[in-house]
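A short write-up of the structure that comes next.
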Amino acid sequence: MTTKVKLRQKPISKGRKSLYLDFYPPILHTETGKNTRRDFLGLYIFSKPKSSLEKQHNTETLKIGESIRQKRENFLNKPEIYSQYEKEQLRLKELGEHCFIEYFKKLTNKRKASNHDNWVSALNYLEDFTNGNLKFADLNEKFLNDFKEFLLTTKSKKSSKTTLSQNSAVSYFNKVKAALKQAFNDGILQTDLNAKIKPIKAAETRREYLTIEELNKLVKTPCSNALLKRAALFSALTGLRFSDIQKMNWGELEYIKGQGYFLNFNQKKTKGVEVLPISEQAYSFTEGTEKPESMPKDQPVFEGLKYSAYHNKHLFQWIGAAGITKDITFHCFRHTFATLQLFNGTDIYTVSKMLGHKDLKTTQVYAKIVDSSKRVAADKIQLEM
């Protein structure tokens with residue numbers, strides 16, 4: 001049976017139409033392994049072109065789409081006219097015409113929670129740089145290095161008066177690199193561009209932390225949100241992130257006689273499986289029974305714990321009421337755990353494991369804080385010469 005291939009248009013956002021091939025009868029899609037009638041080309045035209053450039057864009061894009069349609073129809077109905085090499089070259093050329101922006105959007109939609117937001121931000125800057133149109137065939141080292149430079153010099157979307165922070169640029173460029181790696185694994189890219197392009201170097205940031213004296217002040221200072229206070233102090237004694245504390249349930253905690261309390265969980269950020277010993281004092285902030293096994297397994301330990309601008313207000317008020325003037329966020333309690341452990345002689349490898357870091361270099365940032373504090377302490381003793 002002859003397969004008919006039509007070039008069709010579908011209205012999309014921003015007054016555009018996306019081009020796709022319509023097959024009858026349906027064909028087997030090489031990427032999904034399922035029968036389909038549609039194959040979107042990653043090409044778009046303007047619904048109502050307003051300028052000569054937009055009209056020219058429409059004309060050239062429709063020609064490309066028609067060329068792809070003809071070749072696909074020939075390929076499906078007259079495969080004997082192509083050698084195996086020609087078939088493969090045709091397939092690769094068609095893949096090259098697909099839109100990387102659309103591919104990036106699909107990857108973004110698969111992400112969840114805070115990671116999804118980060119991918120969305122990266123997508124916004126990528127669309128700004130490309131005007132929303134970028135074919136896989138146009139991806140190369142020069143383009144990616146130009147995009148890297150763009151991220152390092154462009155204005156932040158949060159404030160038009162400031163440049164995008166370097167660490168935000170690091171994060172967004174890494175999302176593009178991750179998409180390149182996935183496209184190579186999916187067989188869309190024939191070159192591993194991700195491996196060829198160096199990431200943006202992260203800038204060192206100040207890790208604010210609390211001293212043991214400040215932490216003890218907070219213990220004695222009332223907080224209008226008692227749940228948030230318990231969770232923050234639990235973080236300071238365990239090094240856990242807010243996301244891991246928020247999702248923690250009683251089934252992840254256990255008590256072993258002679259050894260103490262343990263937390264068995266999957267880190268939300270790194271997906272790493274962790275077994276973390278926690279102190280009896282830390283456990284006391286959960287307000288659970290002596291043996292966590294007697295608590296409802298699926299119930300959150302800190303049930304109702306939330307973190308938003310509104311809840312931040314309670315945190316800042318609590319910090320201020322304790323007479324602490326540092327800019328402290330919830331994550332600083334994790335920094336506090338790491339720094340105090342190193343101050344008290346715990347070796348950096350153990351601290352790294354307790355924090356769930358995959359790379360010891362991540363933990364070394366805290367070691368620098370300790371070294372700096374040691375220098376200040378050393379200079380405090382001065383003899384009269």
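The values are calculated or read from the model by the stated rules, or taken from the named source; none is laboratory data. Quick caveat, the model's predicted, so the values are computed rather than measured. Positions of Cβ are generated from backbone atoms using ideal geometry, with glycine treated the same way; all protein chains shown enter the neighbour counts.
Some points to look at:
- Screening the candidates LEU7, LEU21 for the property of being within 18 Å of ILE188 (Cβ to Cβ) and at pLDDT 90 or above yields one hit, LEU21.
- Test for ASN174: is it at pLDDT below 90 and outside any loop (DSSP other than H, G, I, E, B): no
- Residue ID - farthest from GLY239 (Cα to Cα), chosen from residues in region 287-323 that are in contact (Cβ under 8 Å) with a residue 60 or more places away in the chain and of a type in the set (A, V, I, L, M): ALA321
- Scanning region 56-73 for residues that are within 21 Å of THR130 (Cβ to Cβ), without any contact (Cβ under 8 Å) to a residue 40 or more places away in the chain and surrounded by 13 or more Cβ atoms within 10 Å (Cβ to Cβ) yields HIS57, ASN58, ILE64.
- Here LEU139 fulfils each of the conditions (1) over 25 Å from SER13 (Cβ atoms); (2) of a type in the set (A, V, I, L, M); (3) at pLDDT 85 or above apart from (1).
- Taken over region 324-356, the criterion of being touching a residue at least 40 places away in the same chain (Cβ under 8 Å), in a loop (DSSP other than H, G, I, E, B) and under 18 Å from VAL219 (Cβ atoms) is satisfied by ILE324, LYS326, ILE328, PHE330.
- Qualifying residue in region 180-192 (condition: free of Cβ contacts under 8 Å to residues at least 60 places away in the same chain and assigned by TED's automatic domain parsing to the domain that holds LEU276): no
- Taking the numbered list (1) part of a helix (DSSP H, G or I); (2) surrounded by fewer than 15 Cβ atoms within 10 Å (Cβ to Cβ); (3) of a type outside the set (A, V, I, L, M) in turn, GLU127 passes all entries but (2).
- Test result for ILE12, surrounded by 12 or more Cβ atoms within 10 Å (Cβ to Cβ), of a type in the set (A, V, I, L, M, F, W, C), over 21 Å from PHE100 (Cα atoms) and touching a residue at least 24 places away in the same chain (Cβ under 8 Å): no
- Residues (surrounded by fewer than 16 Cβ atoms within 10 Å (Cβ to Cβ) and in contact with a Leu (Cβ under 6 Å, 6 or more places away or on another chain)) located in region 155-197: SER156
- Checking GLY132, GLY96 one by one, the residue that is outside any helix (DSSP H, G or I), modelled with pLDDT under 90, more than 21 Å from TYR24 (Cα to Cα) and not acidic (Asp, Glu) is GLY132 and no other.
- Among the residues here, TYR307 does not qualify as of a type in the set (Phe, Trp, Tyr), crowded, with 16+ Cβ neighbours inside 10 Å, in the same structural domain as MET354 (by TED's automatic domain parsing) and farther than 29 Å from ASP327 by Cβ.
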